1. Out of residues 5 or more away from Ala106 or on other chains, whose amide H comes under 5 Å of its own, with H placed 1.01 Å from N in the peptide plane?
2. Per the 1.4 Å probe, what fraction of the accessible area of the range 38-155, in percent, lies on carbon and sulfur atoms?
3. At q = 0.17, 0.20, 0.27, 0.29 Å⁻¹, what log₁₀ I(q)/I(0) does a Debye calculation on the Cα points of the range 64-113 give, no solvent, two decimals?
4. For the range 94-108, take each phi angle, set θ = phi - 60°, evaluate the Karplus expression 6.51 cos²θ - 1.76 cosθ + 1.60, and give the result in whole Hz per residue in order, putting x for glycine and proline.
5. Determine the sum of side-chain charges near Pro91: Lys and Arg each +1, Asp and Glu each -1, restricted to other residues whose C-beta is under 12 angstrom from that of Pro91.
6. Based only on Cα atoms, what mean projected area does the convex hull of the range 46-179 have, in nm²?
7. Between Asp110 and Arg154, what length comes free when the chain is fully extended (0.36 nm per residue of separation minus the Cα-Cα distance, one decimal in nm)?
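The values are calculated or read from the model by the stated rules, or taken from the named source; none is laboratory data. Keep in mind the model is a prediction, meaning the values are calculated, not measured. Neighbour counts run over all protein chains shown; Cβ positions are idealised from the backbone, glycine included. The protein model used for the area step is the full one, side chains on, heavy atoms only, and it has no ligands, DNA or RNA in it. Shrake-Rupley method; radii C 1.70, N 1.55, O 1.52, S 1.80 Å.
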Amino acid sequence: MRRFLIFLASLATCASLSTLPAAATPSSCGNSWGSLDKLASDYAPATVGDVRAGRHHCFDRLVVDLTGPAGGYRVAYTDRVTQDGSGDPVPLRGGAFLHVMVQAPAYDEDGNSTYRPADRTELVDMRGYQTFRQASWAGSFEGQSGLGLGVRARLPFRVMTLDGPGAGSRVVIDVAHHW
């Protein structure tokens, strides 16, 4: 009888634990993004206007602001990021590197710069980011612009385009904090 009561008490304890809310763990983010190349092949007449970043609960976000409708992009992990045109390496901090190519130049039809970073090697202050380590400009060549994104490790990511603000748009790269 005593064993039976111990069994019932154990069963009741297990049942009560299963009703507790789950702690915020990597699995609570529920992403299924993966780490393979992401691309869209559209071209639009927009130009690059700015690059910025933000921190979120489950991921870090890099945003490339465009002056018009978003076109295509290609974002992929690579062993090293190179400058457009010259092929020179782009030094980056981190355990893995994403090469971000946006189908939009950083110059207008007269050749005037539409995006001129103050520091090509530190586009955004990444201090305090969980995943991001460094964003560096790789240049703008033949109608497309590139940058390198150094991240903590080869983690899942997603890429999307968003409309706005105004007539502009954005290419958004989210890199998860965990697998």
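1. Distant-sequence amide H within range of Ala106: Val48.
2. Details: 2570 of 5740 Å².
Here it works out to 45 percent.
3. Per q value, in the given order, log10 I(q)/I(0) is -0.66, -0.85, -1.12, -1.16.
4. x, x, 8, 10, 9, 9, 9, 10, 10, 6, 7, x, 9, 8, 8
5. +2
6. Details: hull surface 30.6 nm².
Computed as one quarter of the Cα hull surface, the answer is 7.6 nm².
7. On the way: separation 44, 0.36 × 44 = 15.84 nm, distance 3.89 nm.
Gain on stretching Asp110 to Arg154: 11.9 nm.
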